[in-house]
Amino acid sequence: MRRKVCVVVTARPSYSRIKTALKAIEAHPDLELQLVVAASALLDRYGTAVRYMEEDGFEIAARVYMVLEGENLAAMAKTTGLGLLELATVFDNLKPDVVVTVADRYETLSTAVAASYMNIPVAHVQGGEVTGSIDEKVRHAVTKLSDLHFPSTEQAARRVIRMGEDPAAVFMTGCPSIDLAAEILLEPKFNFDPFKKYGGVGPLVDISDGYLVVMQHPVTTEYELARKHIHETLLAVRDVGLPALWFWPNVDAGSDGTSNGIRAFREAEGPQNIHFFKNMSPTDFLRLIYNSRCLVGNSSAGIRESSFLGVPVVNIGSRQSGRDRGRNVMDVGYDGHAISGAIQNQVSNGRYSSDVLYGNGQAGQRIAQLLSEVPLLIEKRLTY
């Protein structure tokens, strides 16, 4: 009998982090893919990531609407609880042999708790990493709830083992998002018009002579400062003057502050060099990054995919604090002058050499193969 592998995707970045594994699971003769799409991945205001999954040919086994409005700490906690309730029902209906959860978002915690209490083995992708904000607690909590571990780097794998996990259940696979980046390097040239294909709002900037990509999310442990933080980045990007393609923030505590700060700046200042988008397909987004002169903000795409693509990155603030990074990343605080100076430095530095810190492009296939052959156990003991 084929193993039923239930993969839960809850946000737009999670899809790019697991897409090649989904393809490999679907194609594997000994596996049956059950794709569950939940939370902000279903919502238009955050880019309706589920649409790209359907366009890529994936069949959706279940949709879970679980996001509570508010974008504050209480809403995050209640969304986690609602997700636990709804996902338990989904797992009861689908009866998977193993549940795969991705990274460190609060919806990931809902997935791991529901599956664990239902005696379903949990496989965790991207455990063992160090970052800022609430993600740090969630990621390590999910590690302790998980039975199989697919970390993205050697150092992350060592951390998972040091947390007391059985080394026989820890497999350094690399990050599946690097698989997509490797595909982009085979055909890196622009093959679409971002304005015609994705619309967005703001001036139709001329990107033929180079441009910036900007993606900045709120930091949940600093959520009350989100509007101030985004204002500094807006000032810096406007003052640098290069055309900028700016993406909407994730659904986290503080995202209202980030979104309102963007809207207020757009109305009051009318920046002529910035165009705003909600979302793009994973491959289009990576092609956009590859052809940019610099990625600005605090997205993990600057740490992971951009290191492999050799794209200069200005990483702002504490959201990625402590995460393994390549030479392409320049860190800076929430100060407009410092941000603009860092952007100018990175633009003048030009492209960096490719770094395989997060993998070499084979993670999806490796994850699928492991899911087909490793023992699926639910009993755990703390090891030392």
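Just so you know, all these numbers are worked out from the coordinates, no wet-lab data involved. All of these numbers come straight from a predicted model, not from anything done at the bench. All Cβ positions, even for glycine, are placed from backbone atoms using ideal geometry, and neighbour counts span all protein chains on display.
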*How many nm separate the modelled label positions at SER354 and ASN119, each set 7 Å beyond the Cα in the direction of the Cβ?*
4.7
*Simple spin-label model, 7 Å along Cα-to-Cβ: ASP30 to THR383 in nm?*
2.1
*Among CYS6, CYS175, which comes first, then next, by fewest other beta-carbon atoms within 10 Å?*
CYS6, CYS175
*For the residues ARG139, ARG304, what sequence is obtained by ranking on other C-beta atoms within 10 Å, fewest first?*
ARG139, ARG304
*Please name whichever of VAL374, VAL160, VAL214 sits farthest to the positive end of the charge dipole of the chain, dipole taken about the Cα centre and charges placed at Cβ: Lys and Arg +1, Asp and Glu -1.*
VAL160
*Springs between alpha-carbon atoms under 10 Å, Gaussian network over the chain: tell me which of ASN93, ASN360, ASN250 tops the mean-square fluctuations.*
ASN93
*For the chain, count the residues as N, evaluate 2.2 N^0.38 Å, and divide the Cα radius of gyration by that value, please.*
0.94
